[in-house]
1. Determine if the stretch 336-345 includes at least one residue that is free of Cβ contacts under 8 Å to residues at least 12 places away in the same chain, closer than 25 Å to Lys226 by Cβ and not basic (Lys, Arg).
2. Being under 22 Å from the mean Cα position of the chain (by Cα) and at pLDDT 75 or above narrows it down to one of Phe110, Phe53, Phe116, Phe70, so name that one.
3. Could you pull out the residue among Ile76, Ile32 that is closer than 26 Å to Asp131 by Cα, modelled with pLDDT of 85 or more and open to solvent by 10 Å² or more (accessible area, probe 1.4 Å)?
4. Can you spot a residue in the stretch 267-279 that is open to solvent by 10 Å² or more (accessible area, probe 1.4 Å), out of contact with any Gly (no Cβ under 9 Å at 6 or more places or on another chain) and in a strand (DSSP E or B)?
5. If I ask for residues that are of a type outside the set (Lys, Arg), assigned to a helix (DSSP H, G or I), surrounded by 16 or more Cβ atoms within 10 Å (Cβ to Cβ) and modelled with pLDDT under 65, which ones from the stretch 153-198 would you list?
6. Could you say which residue among Thr349, Thr341, Thr329 is closer than 30 Å to Glu279 by Cα, in contact with a Lys or Arg (Cβ under 8 Å, 6 or more places away or on another chain) and β-branched (Val, Ile, Thr)?
7. Kindly provide the set of residues from the stretch 287-304 that are open to solvent by less than 10 Å² (accessible area, probe 1.4 Å) and farther than 17 Å from Lys226 by Cα, ordered by number.
8. Exactly one of these conditions fails for Cys393: (1) in a helix (DSSP H, G or I); (2) more than 19 Å from Tyr227 (Cβ to Cβ). Give me its number.
Amino acid sequence: MSGAHDTKPVYPDKQESITNFESTYELYRQRICTYFSLKLNPMVADDLTQQVFLKAVENLHRFQGRSNLFTWIFKIAQNTVKNEYRRLSRKKETPFDFTGYESQSISLEFTKNVDFRIDIGVALKKLNETDQEIIALRFFVDCTLIEISKIVGMRESAVKNRLYRALEKLKREMKEWGGVTIMSIEDLISIVNKGESEGLNNQPNNKVHHDLFNELSEHIERISLKYNYHPSRKVTIEVYPDMPSFHQAVGEADAPNWFMGTYEGSILKIVSPLNPGPEHTYQSILKGTVHLFTMWLISEINPKAPKWIRQGIGGYEAKLMTKDFIEGTTEEAIHNLEIPTFEQLDNDTWDFETMKGFQFSFLFVEFVVQQYGIDQLNKLIRNPQDFYGIFQCSEKELHQKMVEFISK
């Protein structure tokens, strides 16, 4: 795991201006387009997305910076939907019903299982309009809880409560998603203290368990759906009291201080957030555990998935490294064109950190998602050597495209 930790959330939006609005468009276009596909009609989604960004450019001088740029643009998209609803009402037409959505978006983002696509449409109809909107924003548009709270005008805690209640209702309605029964967070995760804290049941350790459950519950459902895989066996998290005892337990007594967690089989091993060492914080250990869980999930999907895919997706989903940290630590290597190859990023030694493997793996995954979409990333996880079949180019050509992408 990388030593970078997010002590202050940094939105890339704060540095955006009209001069680089094209990068903002590429960053958010697909999410806005997906929203229009759900709320109106996939056939008009691209045109409406273009309209939203044109309007955003024209009104960029009104952006006050009180929210991040994505939620500001999304408000324009919401108003566009309302205008379209009014227009359709005047023409006595009905908008697209996303609760019956069985087209490419669900297939791409979630599962190839036809029964699942039918079942989720039926189940969503059991929810009210606000809960449908929150589910759509969280799992289809990939919004964070903070973004959703700003979009729907609720406190983040209220959004979280409604999301959990809605998911519980969906689980009851659907019984099974994609043929695999969904496990609750308590059924899926168990946490045990190791070393000096083993067997202790004190208040600080109880808080660690509580916070780990909360952090994982924020992400597990979303990540499992995104990568079309629902865990069917329990994951144990072993919490070691401090960095030396953790390193000793995993057979790496001389490991660097950024090394805070690993996994073996279905056991995730981490240092306690209470004693995170000099390169981490309480919060970064929690995020690091999400990183580890995601890596474990990718390994469950394909045990032969190369390290850069596992680490890159783990970092991409956990958001442990800030944009500024990634840019600052890779700038020299990018400038000198010393960007590691896929083969070099499959390095399982401490050199992985030295070559900025965590950062470049993240950037490579970000490239695939933004340029090809999550469906192609899912294919890559399952067939990591099929570059021609997935991307219509060779491994060398794909790497060159990645280099050009991150060098901009």
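The values are calculated or read from the model by the stated rules, or taken from the named source; none is laboratory data. In this text, all values refer to a predicted model and were calculated from it rather than measured experimentally. Because the Cβ atoms are built from the backbone with ideal geometry, glycine has one as well, and the counts that use them run over all protein chains shown. Remember, those area values only see protein heavy atoms, side chains included, never the ligands or the DNA or RNA. Shrake-Rupley method; radii C 1.70, N 1.55, O 1.52, S 1.80 Å.
1. No: the stretch 336-345 contains no residue that is free of Cβ contacts under 8 Å to residues at least 12 places away in the same chain, closer than 25 Å to Lys226 by Cβ and not basic (Lys, Arg).
2. Working: Phe110 fails: at pLDDT 75 or above; Phe53 fails: under 22 Å from the mean Cα position of the chain (by Cα); Phe116 fails: at pLDDT 75 or above.
It is Phe70.
3. Details: Ile32 fails: open to solvent by 10 Å² or more (accessible area, probe 1.4 Å).
None of the other options fit; the residue is Ile76.
4. Yes, the stretch 267-279 contains at least one residue that is open to solvent by 10 Å² or more (accessible area, probe 1.4 Å), out of contact with any Gly (no Cβ under 9 Å at 6 or more places or on another chain) and in a strand (DSSP E or B).
5. Taking the stretch 153-198 first, the residues of a type outside the set (Lys, Arg) are 153-154, 156-159, 161, 163-164, 166-168, 170, 173-174, 176-193, 195-198.
Right, trim to assigned to a helix (DSSP H, G or I) and you get 156-159, 161, 163-164, 166-168, 170, 173-174, 185-188, 195-197.
Filter again for surrounded by 16 or more Cβ atoms within 10 Å (Cβ to Cβ), leaving 159, 163, 166-167, 170, 174, 188, 195, 197.
Selection gives Met174, Ser197.
6. Details: Thr349 fails: in contact with a Lys or Arg (Cβ under 8 Å, 6 or more places away or on another chain); Thr341 fails: in contact with a Lys or Arg (Cβ under 8 Å, 6 or more places away or on another chain).
Sole residue among the options that is closer than 30 Å to Glu279 by Cα, in contact with a Lys or Arg (Cβ under 8 Å, 6 or more places away or on another chain) and β-branched (Val, Ile, Thr): Thr329.
7. Correct list: Gly288, Thr289.
8. Answer for Cys393: the failing condition is (1).
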